[in-house]
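Remarks on the structure that follows.
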Amino acid sequence: RKLKLAFSFLMTIPFAPMIYYGDEFGLTGAHDPDNRRQMRFGKQLTAHEQNVLAYICRLIKIRNTYSVFRRGDFIPLEVEPEYYVYLVCGFNSVGIVILSRNYNGMIKIKLPKFIKSNKFVNEINGLVVNSESGILTLELTEYTADILISQ
């Protein structure tokens, strides 16, 4: 869950991400020489590793689909001990990313006035989220990410 959360951040901030081989499915290792385990593919991966890989592939697809995550302007909206909300905007697109470290419950996010859209699609689960009077209300679960794209 922590690896998925870390990759959610890495794939939604501007600049080029660096992925060391095996990170995309959670290849374990320790100090040299254990840090260079042999790469595994396909059926060699456990069910858990395949799940992590599928999630990372989904994040890469989102990053490739929306250029705002590659070259947009980064604006922190809420920085709390247990969750982090930021906005990435530009190129006629707005992305809002919510990372929940250890938070379960409802949050309200006040959007900047320049955000004209009141409808967002969560690219992780496909749900539509609407803002009312410039405020998004979302339910968070621990160790999850929500990636909202303006419509």
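The values are calculated or read from the model by the stated rules, or taken from the named source; none is laboratory data. Computed from a predicted model, the values in this text were never measured in an experiment. Virtual Cβ from ideal backbone geometry, glycine too; neighbours counted across all protein chains shown. To get the accessible areas, we keep the full protein, side chains included, count just its heavy atoms, and leave off ligands, DNA and RNA. Shrake-Rupley method; radii C 1.70, N 1.55, O 1.52, S 1.80 Å.
Structure notes:
- Area of residue 89 that stays accessible when all protein chains are in place (1.4 Å probe, Å², to 10): 20 Å²
- Degrees, to the nearest 10: 47-65 long Cα axis against longest axis of the chain: 50 degrees
- Cα-based reach from residue 119 at 27 Å (exclusive), listing lysines while leaving out same-chain residues under 8 positions away: 4, 61, 108, 110
- Remark: the chain carries a charge dipole of roughly 400 debye about the Cα centre, counting +1 on each Lys and Arg Cβ and -1 on each Asp and Glu Cβ.
- Full extension of the chain between residue 20 and residue 57 yields a length gain of 11.9 nm, computed as 0.36 nm times the residue separation minus the alpha carbon distance.
- Here the relative contact order of the chain, from alpha carbon pairs under 8 Å that lie six or more residues apart, stands at 22 percent.
- Dipole moment magnitude, nearest 20 debye, the stretch 7-93 about Cα centre, only Lys, Arg, Asp, Glu C-beta charged: 540 debye
- Here the stretch 11-151 exposes an accessible surface that is 54 percent carbon and sulfur, computed with a 1.4 Å probe and the other protein chains kept in place.
- Per residue, the accessible area of the stretch 15-77 comes to 70 Å², computed with a 1.4 Å probe over protein heavy atoms only.
- Convex hull of Cα atoms in the stretch 53-151, direction-averaged projection (nm²): 6.0 nm²
- For residue 83, the residues 5 or more places off, or on other chains, whose built amide H falls under 5 Å of its own are 101.
- Here is the list for the stretch 64-124: chymotrypsin sites (Phe, Trp or Tyr not before Pro) lying in DSSP coil, each with at most 15 other C-beta atoms within 10 angstrom of its C-beta, are 91, 114.
- Projecting the Cα atoms of 33, 59, 3 onto the dipole axis of the chain, where Lys and Arg carry +1 and Asp and Glu carry -1 at the beta carbon, places 59 farthest toward the positive end.
- Charge context of residue 111, other residues only, Cβ under 15 angstrom, K/R +1, D/E -1: +1
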